[in-house]
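Some notes on the structure that comes next.
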Amino acid sequence: MSPLIQNTIRFVKEKLHGAEAGHDWFHIERVWKLSKKIGETEHCDWEVVELSALLHDIADPKFHHGDEDLALKISCDFLASENVSTEIIEQVLFIIKNISFKNRGEVSSDLPTELKIVQDADRLDAIGAIGIARTFNFGGFKNNLIYHPEIPPKLNITKEEYKKNQGTTINHFYEKLLLLKDLMNTQKGRELAEERHDFMLKFLEEFYKEWNVE
Ligand code: ADP
Ligand code: NI
């Protein structure tokens with residue numbers, strides 16, 4: 001492993017100490033590993049992929065009063081202190097800025113391969129068993145309801161509505177998690193999403209069965 005990647009790992013672990021468990025170092029580690037797995041099947045710049053995967057949640061706006069520029073500033077300062085070239089820094093910042101699900105309407109479909117890879121990796125970690133665990137952890141962190149039979153999911157919500165959504169955790173499956181399979185950018189991402197998606201469907205089926213005690 002290059003000294004740059006080693007230093008980045010140390011930096012990220014330190015910064016994310018005490019983070020919400022769905023957005024902590026272990027989320028980053030999984031996204032980093034998934035990015036490498038997907039990247040093996042694509043033609044890409046490895047340094048950009050690894051740095052973006054490691055830095056993509058360094059300061060998530062939802063944990064920093066909605067500040068969308070903080071992650072860019074922290075990443076830019078860190079990479080410059082490691083003497084990373086301006087060209088690479090720009091590519092990494094572009095990915096951090098555009099990776100998020102809630103910003104999906106704002107970027108062109110002609111995305112750099114490195115963004116497609118890291119975005120798929122981040123989305124894979126949002127679905128399946130890990131996705132379910134992260135979502136309930138976040139719902140608990142926000143003190144949201146697990147489920148309410150009379151609160152329907154809000155489909156096609158705007159970025160602003162998504163951010164302030166106080167809905168239930170089960171609704172989050174319909175508002176985001178179940179949509180991710182069809183939003184995968186890469187062939188490998190699509191393949192890996194299948195099993196995770198089916199697992200969520202099974203989970204929901206079982207959930208309603210147990211909720212609706214006969
Ligand atoms: P992105 O990482 O693409 O910006 P989010 O930050 O909105 O997307 O979501 C990251 C993860 O945080 C989700 O996959 C989910 O696990 C959790 N999460 C976000 N919003 C909610 C919510 N309203 N209810 C439950 N979990 C949520
Ligand atoms: Ni992430």
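The values are calculated or read from the model by the stated rules, or taken from the named source; none is laboratory data. Predicted model only: the values in this text are computed from it and were never measured. In this analysis, Cβ positions are derived from the backbone assuming ideal geometry, glycine residues included, and neighbour counts consider all displayed protein chains. What goes into the accessible areas is simple: the full protein's heavy atoms, side chains included, and nothing from ligands, DNA or RNA. Shrake-Rupley method; radii C 1.70, N 1.55, O 1.52, S 1.80 Å.
Would you compute the Debye intensity of the range 35-162 from its alpha-carbon atoms alone, equal scatterers and no solvent, and pass along log10 I(q)/I(0) at q = 0.15, 0.17, 0.20 Å⁻¹ to two decimals?
Per q value, in the given order, log10 I(q)/I(0) is -0.82, -1.01, -1.29.
Give the relative contact order (percent, whole number) for the chain; include only Cα pairs under 8 Å separated by 6+ residues.
For the chain, the relative contact order is 20 percent.
Counting helices only, and only those DSSP H runs with n ≥ 4, report the 222 nm mean residue ellipticity of the chain as the sum of -39,500 (n - 2.57) divided by its residues, in deg cm²/dmol to the nearest 500.
After summing the helix terms and dividing by residue count, I get -18500 deg cm²/dmol.
With everything on Cα atoms, drop me the angle between helix 113-124 and the longest principal axis of the chain, reported from 0 to 90° to the nearest 10.
30 degrees
Between GLU210 and MET1, what is the label-to-label distance in nm when each label sits 7 Å out along the Cα-to-Cβ direction?
Those two pseudo-labels are separated by 3.6 nm.
Helix 128-141 sits at what angle to the longest principal axis of the chain, using alpha carbons and giving 0 to 90 degrees rounded to 10?
80 degrees
Per residue, how much accessible area does the chain have with a 1.4 Å probe, in Å²?
That works out to 55 Å² per residue.
Go through 131-138, 194-201 and give me the packing order, highest mean Cβ count within 10 Å leading.
Listed from highest to lowest mean packing, they are 131-138, 194-201.
Normalised by the number of residues in the range 104-214, what is the relative contact order in percent for Cα pairs under 8 Å and 6+ residues apart?
The value is 34 percent.
I'd like to know how the chain sits against the 2.2 N^0.38 Å rule of thumb: what's its Cα Rg over that expected value?
Here the answer is 1.04, to two decimals.
If each residue of separation counts as 0.36 nm, what is the full-extension length gain between ARG30 and PHE141 once their alpha-carbon separation is subtracted?
Contour length minus Cα-Cα distance gives 37.9 nm.
From a point 7 Å beyond the Cα of GLU161 in the direction of its Cβ, which residues of the range 173-214 have a backbone N at a distance under 18 Å?
Zone members listed by number: 173-180.
With +1 on the Cβ of every Lys and Arg and -1 on the Cβ of every Asp and Glu, and nothing else charged, how large is the dipole of the range 1-127 about its Cα centre, in debye rounded to the nearest 20?
Dipole size: approximately 340 debye.
In terms of Cα to Cα distance under 22 Å, which lysines are near enough to LYS164, apart from those fewer than 8 places away along the same chain?
Hits, sequence-local ones excluded: LYS62, LYS97, LYS102, LYS142, LYS154, LYS176.
Give the residue from LEU72, HIS43, GLY18 lying farthest towards the positive end of the charge dipole for the range 3-211; charges sit on Cβ (+1 for Lys and Arg, -1 for Asp and Glu) and the dipole is referred to the Cα centre.
Selected residue: GLY18.
Taking the simple approach of a point 7 Å from Cα along Cα-to-Cβ for both ASP69 and TRP46, what is their distance in nm?
3.6 nm
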